[in-house]
Amino acid sequence: MTALTNSESTIRLVHVIGRIIALSLVAALMGCAGFKNVKRETTTPASFQKLPESQLKAKRDASPFLKVHMQNGNLYVLAAWKMDTTRQHVVGQGMLFNARRDTLRQGQFQVGLDSVAIFETNVLKPSGTVAALTVFTGITAAMTIVCIASPKTCFGSCPTFYVSDGDSLRLQAEGFSASIAPSLEATDVDALFHASAAGENFEIEMRNEALETHVVRHADLLAVPRAKGRRVFADRDGRFWESRSLIPPVSAIAAEGNCLAPLLRADGNERFSKADSTYLGAKEIIELEFENIPPQSCGLVIGCRQTLLPTYLLYQTFAYMGNDAGYWLAQIGRRNVKQHQNSLQKIMGGIEVLFQDPSGDWKIVKQIYEHGPLATDIHLVPLGRLADNAAKIRLRMTKGNWRLDYAALAMLSQPVQAIRLQPHQVLKDGVVDEQAHAALCDSATALTTLPGDTYTLRYQMPATAEAYELFLESRGYYLEWIRKEWIAEENSFLLAQMFLDPQTALKRLAPEFKRVEAEMENYFWRSRYAKP
Amino acid sequence: MRSHNRTCAILSLLSCLVWGCAPTNAPRDWLASPEGTPRDVRGGWVKLQYTSAAKAKAQISGELIAISGDSLFIANDALQAIALSNIKSAQLEAYRSNSAGMGGLVFLGTLSTISNGLLLIFTAPVWIIGGSIATSARSFEPIIKYPKQEWSRFSPFARYPQGLPVGLARQQIKMRPRK
């Protein structure tokens, strides 16, 4: 076991050294490190005297030193040189040498053109060979970045559902993100908060954009009737609540200060923080303050999605499983490691909603938990009737683990019932696919999709779609395709640490994650799988 | 540092063995760096080969002092005037190429590909082959050769680019080593 750890440390050390060397090379080449060429020009005094001021200035800028070769063999080397106004002398600061090149004098000189034999300028230009080495360094650096970035930043996590927002197709939901094995098959309800629908037909595009096999048991539309101008939210227990009105927070205080602005609208402008650099499980708090709350039953509405930190940890776990990933996933399937797996989940946690009790202590009311880094989901935490017309609510979460898009207090009326709608037609690549339709409508079967597959699910609304708040209920699981790059990191000791001692694992992985954190989002979205 | 220099020199030598580098003829520390050249007061280092009919001694090298219409002046222990017609070939080194330093960078670049994992099977050869070509090319950049190039290309790098000054006591002109 020790040998494995040492070997891994050595490989990492070698990689770090390689990166340091690459960076040093970039620095050396940026400075050209003595790889310049000298373009030397000689000019007679007569020609020099006739040069227009603009050309003289260009020469002076390009060649800070002027050598003045005298007819008697003496030589002036002048810095900060210029022609005087009469154009009969060259003036500058420098040194005078005799014909044998002994130093005669140094200081300020005024040299008459009539005794000059020739002027010499030297212009330094970068060598073309440096450009070649720069290209090689660029290739090496690019490969290094790919090696750093790609193994655990590839696009992944479950089926993606696209719905029109009235303008274009928009990613509005991701199904059962935590269901990475058949035994973890789960049902997921996502709000289609930005769906824009009119008429009695409604379409959802379901895609497999990752190197994964998706097994979709069903993808039903839940249509909840609502009064005009009102919104409906779902709580964690699967109940739907109609909201009379929404009250925005008056402040949202986090470590960086007031982060209210991004939380006022569900517009994709998100508040998020960076993970802790020493412990990936470190927590942070955002304190929301609400005023003018009517004496009615209310609930906290939060729009959020996960960052790529959980995805990174999941993929890192797969990497440690390496060639034994199948075995370990089977163990998870048999729920033999469920408890341990949850312990890592527990530390990372969801978004805890805390309310101050009369004694002033902060108590956890509920936890918002939504897996997946792709689509923002809207959650409701019912709070009941508040004692005061002003309230402070704290959100406690793991640093760098969540992206918050929206926060508001919803005034709730009563729970409402949803109408379940199965797709009435399913199309694959624009062609009606009866088999896929049958698979999604029969609870005993499932639709299996592969990377690049896209299905259009059509629903028949009971009345015009505008009269409903829409939710998508999907059920199924997915299987990650183990990437070749991951197998290289197989390590049963570190795998065991992920399950049995996640705190230590989260400390150990912190520096590694911080190295890729800034670019992860970018690489993740760029690595979406699309059929060629 | 000495070990680093030796490594650079070995790598540079290897590159040159494969691709061919310009051998340097100048004494150690004679040539200025490119950055030092604009302030250097001496001529470049020239090595001449006489025509077979001209002299028993096949070649001579020293500081390029001047080139006049029909003669080239070169200084080592003493100033010598050589008729251009007696010169078969000449090679002038105008400044230091630092190709050994570039060989060192190529060596480091090749080492840096260890950060590429298995992809180094592509990136390491790029460095070894491309870097060797670049090192070889760099070694030739400060060199001017006759008869490939005209004598007029040599003159600016002479101690007296204007030609030998009239009335100068020739016996006083010697190669001037760097202090």
Computed ³J(HN,Hα) along region B:67-80: with the Karplus parameters 6.51/-1.76/1.60, θ = phi - 60°, integer Hz and x for glycine or proline, the list is 10, 10, x, 10, 9, 10, 10, 10, 10, 10, 6, 8, 7, 10
With a Förster distance of 22 angstrom and the Cβ-Cβ distance between A:R420 and A:K228, calculated FRET efficiency to the nearest 0.05 equals 0.45
Computed about the Cα centre, the charge dipole of chain A from +1 Lys/Arg and -1 Asp/Glu charges at the Cβ has a magnitude in debye, to the nearest 20, of 2320
Once both label points are put 7 Å beyond Cα along the C-beta direction, the A:A261-A:A463 separation in nm becomes 4.2
Semi-axes, largest first, in whole Å: what does sqrt of 5 times each Cα gyration tensor eigenvalue give for region A:154-526?
-> 32, 30, 17
Mean 1/r over distinct Cα pairs of region B:26-79, inverted to a Kirkwood Rh in Å, yields 12.6
Based on the Kirkwood radius over alpha-carbon pairs, what value in µm²/s does the Stokes-Einstein equation return for the translational diffusion coefficient of region B:26-179 at 37 °C and 0.692 mPa s?
-> 188
Taking the Cβ of each residue in A:E242, A:E174 as the centre, tally the other Cβ atoms inside 10 Å and list the residues starting with the fewest.
-> A:E242, A:E174
What full-extension length gain, to one decimal in nm, is calculated for A:Y369 and A:A518 as 0.36 nm per residue of separation minus the Cα-Cα distance?
-> 51.2 nm
Gap in Å between the Cα centre of region A:352-370 and the Cα centre of region B:78-109?
-> 79
Given the pairs A:K57/B:K174; A:K366/A:K399; A:K59/B:K145, which are separated by over 25 angstrom at their Cα positions?
-> A:K57/B:K174; A:K59/B:K145
Which whole DSSP H helices in chain A pass both tests: a Cα extent of 30 Å or more along the axis and a mean Kyte-Doolittle value no lower than -0.5?
-> A:2-30, A:128-153
Two-site label geometry, A:S183 and A:S168: point separation in nm, points 7 Å out along Cα→Cβ | 4.3
Calculated from DSSP helices alone, with each H run of at least 4 adding -39500 (n - 2.57) and the total divided by the residues of chain A, [θ]222 nm to the nearest 500 comes to -9000 deg cm²/dmol
Per-pair calculated FRET efficiency, R0 = 22 Å: A:D102 and B:N76 via Cβ, rounded to 0.05 = 0.75
FRET efficiency, 1/(1 + (r/R0)^6) with R0 45 Å, evaluated for A:T86 and B:S89 via beta carbons = 0.45
Take B:D77, B:D40 and order them by how many other Cβ atoms sit within 10 Å, fewest up front.
-> B:D77, B:D40
Semi-axis lengths (Å, descending) of the ellipsoid that matches the C-alpha gyration tensor of region A:26-120 | 25, 18, 12
If B:W30, B:W45 are placed from fewest to most neighbouring beta carbons inside 10 Å, the sequence is B:W30, B:W45
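Read-outs throughout are calculated quantities, based only on the coordinates presented, and are distinct from any laboratory measurement. Owing to the predicted nature of the structure, the values given are computational and were not obtained by experimental measurement. Heads up, the Cβs are rebuilt from the backbone with ideal geometry, glycines too, and the neighbour counts pull from every protein chain shown.
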